[in-house]
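**Q** Before anything else, here's the structure in question.
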Amino acid sequence: MAKTTRTLPQAFRHYLANPLALGYLGVVLAVCVWVAVDTFSAASSGDASFAGVWAILATAPTSLLFTFLFAFAGPVGPVGLIGIPIGAVAQAFALGALYRHITERRTHGTANGATSA
């Protein structure tokens with residue numbers, strides 16, 4: 001079986017354009033919207049909220065790596081939050097690769113006459 005090489009944009013499209021990866025990115029987006037709404041509503045009341053932790057936890061462990069790296073450089077501000085989108089894309093890529101591996105293995109297994117029972 002010959003391996004095909006993909007360019008980086010083709011690999012991203014191949015692994016990110018599937019239901020599992022897009023669903024994960026949708027959940028992360030929903031959590032981030034909820035955090036933004038909670039942050040703006042808490043800012044008017046003067047009450048602090050830990051809602052931002054959920055955005056980091058939704059993209060953990062990749063976002064935690066960036067949070068810890070920037071925490072040693074000083075307080076985690078907007079620069080430390082770069083880990084959330086990077087973590088979301090990295091983990092969606094990993095989930096997409098897993099999804100493609102399982103579905104393509106199942107497709108190739110039944111095409112060759114093998115069963116998955």
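The values are calculated or read from the model by the stated rules, or taken from the named source; none is laboratory data. A quick note: this is a predicted structure, and the numbers were derived from the prediction, not measured. Virtual Cβ from ideal backbone geometry, glycine too; neighbours counted across all protein chains shown. To get the accessible areas, we keep the full protein, side chains included, count just its heavy atoms, and leave off ligands, DNA and RNA. Shrake-Rupley method; radii C 1.70, N 1.55, O 1.52, S 1.80 Å.
**Q** Check off (1) modelled with pLDDT under 90; (2) open to solvent by 90 Å² or more (accessible area, probe 1.4 Å); (3) assigned to a helix (DSSP H, G or I) for P78 and give me the number that stays unchecked.
**A** Among (1) modelled with pLDDT under 90; (2) open to solvent by 90 Å² or more (accessible area, probe 1.4 Å); (3) assigned to a helix (DSSP H, G or I), P78 violates only (3).
**Q** Quick check on the range 1-46: of everything there that is open to solvent by 80 Å² or more (accessible area, probe 1.4 Å) and not in a helix (DSSP H, G or I), which residue is modelled with the highest pLDDT?
**A** T5
**Q** Just to be sure before I move on: is A97 modelled with pLDDT of 85 or more, in a loop (DSSP other than H, G, I, E, B) and either open to solvent by less than 90 Å² (accessible area, probe 1.4 Å) or under 23 Å from R13 (Cβ atoms) (or both) in the structure I sent?
**A** No.
**Q** Test each condition in (1) open to solvent by 50 Å² or more (accessible area, probe 1.4 Å); (2) closer than 21 Å to I82 by Cα; (3) assigned to a helix (DSSP H, G or I); (4) in contact with a helix residue (DSSP H, G or I) (Cβ under 8 Å, 6 or more places away or on another chain) for S49 and report the one that comes out false.
**A** The single condition S49 does not satisfy is (3).
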